[in-house]
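Below is one structure, written out as structure tokens, with a few remarks after it.
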Amino acid sequence: MPMFKPLARPLPFFALWMLITLMLGLSLQARAAEDETLAQAGALLVQKFDQRADAVALLVERDHPRTQEILRLLQDGELYYRKDDDRLFVIKSAETGAEALDLLDGSAVTIEKKRDFKKVTLNNQMRNQISQALAEIGLKAEDPKRRAAAVRELLGALNEDTVSVLRNRIGNEPVAEVRELMVLALAIQDLEKGDEATRLQAIEQLDGSLEPPVRNALTALLGSDAADQVKRQAQLALNGIDEKIRYYGMLETLYFGLSLGSVLVLAGIGLAITFGVMGVINMAHGELIMLGAYTTYVIQQLMPNHIGASILVAIPAAFMVSALVGIAIERGVIRFLYGRPLETLLATFGISLVLQQAVRSIFSPLNRSVATPDWMSGLVEINPVFSLTLSRLYIILFCLLVFVALVVVLKRTPLGLQVRAVSQNRAMARAMGVRSKWVDALTFGLGSGVAGVAGVALSQLTNVGPNLGQSYIIDSFMVVVFGGVGNLWGTLVAGLSLGVANKVLEPWAGAVLAKILVLVFIILFIQKRPRGLFPQRGRAAEG
Amino acid sequence: MFLMEALKKDRGGQVLLGVLLVLVIAVPLLNLLVPEGHALHVPTYTVTLMGKYLTLALLAVAVDLVWGYLGILTLGHAAFFALGGYAMGMYLMRQIGDRGVYGNPLLPDFMVFLNWDELPWFWLGFDQFWFAALMVLLVPGLLAFVFGALAFRSRVSGVYLSIITQALTYALMLAFYRNEMGFGGNNGLTDFKDILGFDLQADATRIGLFIASALALALGYLLCRVLMVSRLGRVCVAVRDAESRARFLGYRVENVKLGVFTVSAMLAGVAGALYVPQVGIINPNEFSPLNSIEVVVWVAVGGRATLYGAVVGALVINYAKSYFTAELPEIWLFALGGLFVLVTLLLPRGITGLLRRKEASA
Amino acid sequence: MTVASVFEQILDREHVYPFMQRAQSHHIDVSHQVLLYLEGISVSFDGFKAINDLNLYINDGELRCIIGPNGAGKTTMMDIITGKTRPDTGSAWFGQTINLLDMDEPAIAQAGIGRKFQKPTVFEFLTVAENLELAMEDDRTLWTILRSKLDAEQRDHLDQVLGMIGLADQRLQRAGSLSHGQKQWLEIGMLLMQRPRLLLVDEPVAGMTHQEMDRTAELLISLAGQHSVVVVEHDMDFVRNLAAGDRTVTVLHQGSVLAEGTMDEVQNNDKVVEVYLGE
């Protein structure tokens, strides 16, 4: 009860105080009523089957907020009572030493003796009662999604009680999607129980549905003693469904392939700038990706309570870190080696070793895991056999975003113009007043920064460790070379198609063999077309 | 004789062969005759370590042949080395016979473990030393030939070639990690017992392997030297420095490259075959791209296109590696990475280049 | 091939197996006095027509000068003759029997076409003598280049060429240490070592002094007769010098032949004047 103290305060404040107290009191009153219902039901539940049925009826009738939860517990056989005091407990596994949660106040108790607790068992009649009650509750829900879920649970699991509930509600259902599901549920029921004509009609209604129970029901029908005519139709419907499932399976492979391809593009696109545009072989590219991933990790450590925002902060931060390291590499080493690609390759490989060891010394050789923000996890369900994982979707979008940003930078900004000028004719560009050294450093910084951004994306997919970069460097080079050096679009197409090829091969070759096959394919491809998918032709390419 | 001629102007080579000769005579004597505990005694462990270094030096010579003289920066020579090693490892596995953990007279332990009932076809014949020895040459040679024929004919060169050689060894590494390949998967081949009937743990066998390694290095060196002082050697340099000029003079550049590349791969295979019995294990890690690149650095540190420079580089860096990884493991990768950068920036002609310059100015 | 015919071949003592024949027969059929035929050749890079329906005939033993403004397609034409670039259409024959479009660079070189690049390209790391030795006409299979040594006749030839190009004193010097002009000479010397039927010489006098230019002209003129020589050059004095005595000069423009005739005819051709001096 609230403590009420008359206070010498101005009137408006007092009125407010009163109002709050009143509301608190009302809500407490409601709480009290609920508690009372629960107590009554609880007292009935620990007795004989008849009383238990009354308890269920009571809960449903009073529309108690925990009705659904308790009914499910009963259904799953997870509700127990303690013999000493008849208190109800939720027990997942009835083992000595396991935990028992008090149903009323949620406090945990450790089970000392299994014999102290007894399960609240059900008889068949009660089971029907409960499933019907649950269906009704679900079907009455405000949210159409919850209603759809309720119907979906009834698919293939209807009994006489629920059938009548469904038939009652189907006319009142305002949402078409839910209504269709209801039709399906009833059709499955007809398929099992109906005569030939009903069955044929049901098959027609079920045709093309991707709900797994539909497929099961049709398969079961084929094995039953139904008439040949019915079986033929069922077979046709089943074939159609399988066809659709295969189609969505292909879509799913494509989706996985595109997301893997996006990772490849992200990893390779920085290289497409440093290698493709500048002609610098940067073997430390993988380590620049790694630095981006570690930057993400560090930023998450700095703001542990804002995981969702930390990723957004990490993107520019990783870009800056990798870009600065890249510029340092360019100024410190690579600029002395222009025109000597093989030496550049060796020197940058040395740098990659140093960066790896540096990370190992600073962060320990163990992998670090970066948390995935909530808004990135989850599914977008297109239909029962095909859903898109959000994280993959974000990777694809992110990849496209980075790609478009790069194309815009190179095609639409003064820096991009200068970069292209220097890469096409250094001497002429310098004669026109372009500070080619400055452009070199910035271009390299841009490519490196993009590698860092790729690292942010990778940190969401794999563990962050010192070897992260190494495992991507060969893939990155393959993507750039396959696409045609100096061609951003080529990199995009090459990365995505290699990703898809990998995922298409995976089911029958296994992940490792698929990767080997793709590598071998690229090796052979480069023999045939040394300049990649989209070669640069003409005079500039000769030489 | 042409061998003499090949060495006539080759001071480095003369010194190298002289040192090898001294080692072959002195090391066994110091190991077997000088009692343990004496200051001059060479422990068997050191003998084996030196033998291992010599095989790595042979690998470096093979890389120098293609990189130094032909300008092909191969980042996949470890693949040929490892293939030679696996061929030898397969022979050694079959020599174990029924002394394995499972005591199967025919199948190596890992196959019994995988529940295989018969030897895969590609393991047949490896119970014979001559066959294994032939495969040590043929398998790397054939791979290099096929790969080179494809690559050189379509004129893949420069960094593209480097990258696809790297992809080649990477693909092989992934493949050998697979148990289904039949080469012991992750663990590779190990627990060898004897070679040609000699116990691999015995001092005498170890000395024998050391001498064989020294001999292989000497012969490999001479072979490369003879090749490179011939007109072929000059054609190689011509191809390296002005490929299209050589082509317009009528040379089939791709055949030159292919021939030398294949010989080099075979040398690498021999090196791998001698390496494996001395370290006692071969596993897919040997294929790792890092290994191949490390070899290139040995050559760069020693000095390109000299052959003996490759030997010097291999010995110096591997000694340093043994020292650092034992004493200061944290430092090793920093040192190696720094070395890559320093050598390419400051020492384009390597250690031996420094020595030669001093000699020339003196 | 039947078993019987194989036996017959084995028993026939006179039978020459194809693999016993020398791979490169150096017989070039010039029964019509024409050594090189280029007919209807076109090639384009990314839509830019570098060569557009080019027709050109070089007679056996002729010295031909080819001039033309930048981008006229002179170098691309040489690329096509030597097998570096494949034309989109057209045909290229060397004599009556050798189809150049079926061959790659080494085969064409071995058939008897030598080429000097615009930028002098010699093997800088090798000595002058080694450069010439590599260029020398000889069997080029891997096995022979591994074993071959210079014989007396070849040595004489090498000395002779060294004298002709005036580098006898530099024979043991690295080619990289030569001056620009000397490198040009060395490259011409390498051509001579090849003993080609046709020499393609791209801007031979760039970077030479006037005396050197005169000597080069002399040398090229002396080569004509035994060899056919095609010279691409910008330096008009040099071309006039070479073309003296009513030799043919060809003017290329936008990838095809604009005019052909003696130096005087060409210089007075309106179209040529227009191209060189602008509209």
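Read the figures in this text as sums done on the coordinates, not as results from a lab. These numbers come from a predicted model, not from an experiment. So basically every Cβ, Gly included, is an ideal-geometry build from the backbone, and we count neighbours across all protein chains shown.
Counting helices only, and only those DSSP H runs with n ≥ 4, report the 222 nm mean residue ellipticity of chain A as the sum of -39,500 (n - 2.57) divided by its residues, in deg cm²/dmol to the nearest 500. It lands at -23000 deg cm²/dmol. Per-residue ellipticity at 222 nm from helix content only, as computed over chain B with -39500 (n - 2.57) for each DSSP H run of at least four residues, stands at -23500 deg cm²/dmol. Report summary: the helix-based calculation at 222 nm, which adds -39500 (n - 2.57) for every DSSP H run with n ≥ 4 and divides by the residues of chain C, gives -10500 deg cm²/dmol. Extending 7 Å from the Cα toward the beta-carbon at both A:V409 and A:M320 defines two label points whose distance is 1.5 nm. For the pair A:I382 and A:Y247, label points projected 7 Å from Cα toward Cβ lie 1.1 nm apart.
With the gyration tensor restricted to C-alpha atoms of segment B:210-344, the semi-axes of the equivalent ellipsoid amount to 31, 19, 14 Å, longest first.
With the contact rule set at Cα under 8 Å and sequence spacing of 6 or more, what percent relative contact order holds for segment A:456-543?
Working: 64 pairs, mean separation 29.1, N = 88.
33 percent.
For C:L36, the residues 5 or more places off, or on other chains, whose built amide H falls under 5 Å of its own are C:I58, C:G95. Of all lysines in the structure, the ones whose alpha carbon falls short of 16 Å from that of A:K503, not counting any fewer than 8 places away in one chain, are A:K515.
Across all Cα pairs in chain B, the calculated P(r) in 20 Å bins from zero up to the longest distance comes to 29, 58, 14, 0 percent per bin. The H on the amide N of C:V229, modeled in the peptide plane, is under 5 Å from the matching H of C:E62, C:L63, C:R64, C:L199, each at least 5 residues off or on a different chain. Of all lysines in the structure, those lying under 30 Å Cα to Cα from B:K9, and not within fewer than 8 positions of it along the same chain, are B:K52, B:K257, B:K358, C:K149, C:K183.
In the protein assembly as shown, the ratio of gyration radius to Kirkwood radius, Rg to Rh, stands at 1.10 when only Cα atoms are counted.
Inter-chain neighbour count for C:105-111: the average number of beta-carbon atoms from partner chains within 10 Å of each residue's beta-carbon is 5.
Semi-axis lengths, largest first, of the ellipsoid equivalent to chain A are 61, 35, 22 Å, with √(5λ) applied to each eigenvalue of the Cα gyration tensor. Charged neighbours of C:V251, selected by a Cβ distance under 9 Å, balance to 0 (K, R count +1; D, E count -1). Between A:E95 and C:L101, the distance separating the two model label sites (each 7 Å from Cα on the Cα→Cβ line) works out to 8.1 nm. What FRET efficiency, computed as 1/(1 + (r/R0)^6) with R0 = 56 Å and r the Cβ-Cβ distance, is obtained for C:L146 and A:Q235, rounded to the nearest 0.05? The computed FRET efficiency comes out at 0.20. Of the complete DSSP H runs in chain B, those spanning 27 angstrom or more by Cα along the long axis with a mean Kyte-Doolittle score not below -0.5 are B:11-32, B:44-64, B:77-96, B:129-153, B:158-177, B:203-229, B:253-279, B:308-327.
Using Cα pairs under 8 angstrom and six or more residues apart, how large is the relative contact order of segment B:156-248, in percent?
Relative contact order here is 8 percent.
Peptide C:186-193 shows a mean partner chain C-beta count of 1 within 10 Å per residue C-beta. What pairs from A:K193/A:K231; C:K74/C:K116; A:K118/A:K145; A:K48/A:K140; C:K74/C:K271 go past 25 Å between their alpha carbons? A:K118/A:K145; A:K48/A:K140, as the Cα separations exceed 25 Å there. Across segment A:385-400, rounded Karplus estimates of 3J(HN,Hα) from the backbone phi angles (6.51 cos²θ - 1.76 cosθ + 1.60, θ = phi - 60°) give 10, 9, 9, 9, 6, 4, 4, 5, 4, 5, 4, 4, 4, 4, 4, 5 Hz, Gly and Pro being marked x. Each peptide in B:243-251, B:215-223, A:159-167 receives the mean, over its residues, of other Cβ atoms within 10 Å, and ordering these scores from highest gives B:243-251, B:215-223, A:159-167.
Using the beta-carbon distance between A:M428 and C:Q254 and R0 = 22 Å, what value does 1/(1 + (r/R0)^6) give for FRET efficiency, to the nearest 0.05?
With a Förster radius of 22 Å, E is 0.45.
Remark on C:H253: its backbone amide H falls under 5 Å from those of C:L258, a criterion applied only to residues 5 or more positions apart or on other chains, H modelled at 1.01 Å from N.
Quick one: order A:V481, A:V90 by neighbouring beta-carbon count within 10 Å, fewest to most.
A:V90, A:V481
Across the alpha-carbon set of segment C:68-183, the Rg to Rh ratio works out to 1.02, Rh being the Kirkwood radius.
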